[in-house]
Amino acid sequence: MTMTTPPGWYPDPGAPGVERWWDGTAWTGHTRAQGEQAYGPSRPVTPSQPVTVVAGPPTPRRRGPLVAAAAAAVVLVAAVVGGVAVLGKGDAGTPKAAGSTTGITATDVTNSPAPKASSQPSSDPHTLVDQLNGITLPIPDGWEKTDDMVGGLVTMQTKDTYNCPGDFGFCPHGRVTTTTATSTDLKTAEAIAKHDIGDAANATYDRDPAGSRLYGGITSHREVGAGPVVVNGRTGYLVRWEVRTGAGPGGYVESLAFPSTVGSEAMIIARFAFDAGPAGPPLALMDTITRGITPIGGGQNGGVGSSLAPPSL
């Protein structure tokens with residue numbers, strides 16, 4: 001039944017234990033504790049127009065500043081006492097207010113780990129992933145992924161290290177890195193590999209990026225192999241040097257250049273550096289790693305030169 005609600009104090013649904021004054025037309029900013037008589041207007045306000053309601057007191061259209069402040073104080077005290085403020089997110093990722101019944105709880109925050117992309121191949125301890133160039137390399141037994149803090153290269157090396165024979169530090173017995181060729185003048189894999197081999201040798205056995213001479217510097221070198229090779233289904237080119245150093249056993253360095261199968265098909269450079277002597281990895285492992293280079297997701301490209309094999313060195 002439709003009726004006009006007379007002015008008076010009514011329970012405020014938005015603030016338990018609080019009454020708000022209804023002036024016959026709208027809710028006012030006057031509030032009082034439930035049952036209290038001394039707070040609020042001294043007399044009712046004469047209604048100016050009827051209000052249509054369905055059974056029960058009217059629902060407040062707004063909350064007065066005093067009630068809003070009181071409610072905020074209650075939430076603040078509860079947060080301080082409990083030590084946790086819970087913020088949830090809706091299905092679309094929109095933040096919800098603290099205390100929302102559809103938000104996450106403190107237990108959810110504590111026990112639910114951050115989501116991880118299960119499809120990321122980089123989680124495989126046997127695979128080195130170069131996301132930029134779209135390739136993966138097999139990580140041999142006894143090797144591991146490492147961080148190149150200076151050059152930011154994709155890197156793996158032998159787990160076993162030893163005291164560097166030159167300047168202070170720890171040296172691995174073998175190391176492999178991949179990067180994108182940056183030269184704009186050199187267009188072929190052969191030209192890039194021949195140009196890079198000197199830098200590859202110097203970076204490992206002469207001076208490191210910090211300027212240390214971990215092996216006492218390179219005293220001499222000789223080319224022990226060069227030729228075309230299929231990498232990831234594309235024809236590439238490699239150059240391999242044997243280097244002698246001022247301290248330690250010296251080693252073998254290889255620059256391998258080949259085109260990527262993704263994006264603009266820019267040239268990729270893989271650098272190999274293996275110590276010489278019985279402690280160094282076998283040279284055949286360079287070819288094994290080369291044959292294992294594949295596109296991210298697996299499979300072979302099967303492009304030009306797929307009938308070639310790594311040259312005998």
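We did not get these values from a lab; they are worked out from the coordinates using the rules stated. Note that this is a predicted model, so its numbers are computed, not measured. Neighbour counts run over all protein chains shown; Cβ positions are idealised from the backbone, glycine included.
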Residue span Thr219 to Asp160: 0.36 nm per residue of separation minus Cα-Cα distance leaves a gain in nm of 18.7 nm
For region 122-295, how big is the tail of P(r) above 27 Å, as a whole percent of Cα pairs?
20 percent
Tell me the label-point distance for the pair Lys187, Asp167, using the 7 Å Cα-to-Cβ offset, in nm and rounded to one decimal.
4.0 nm
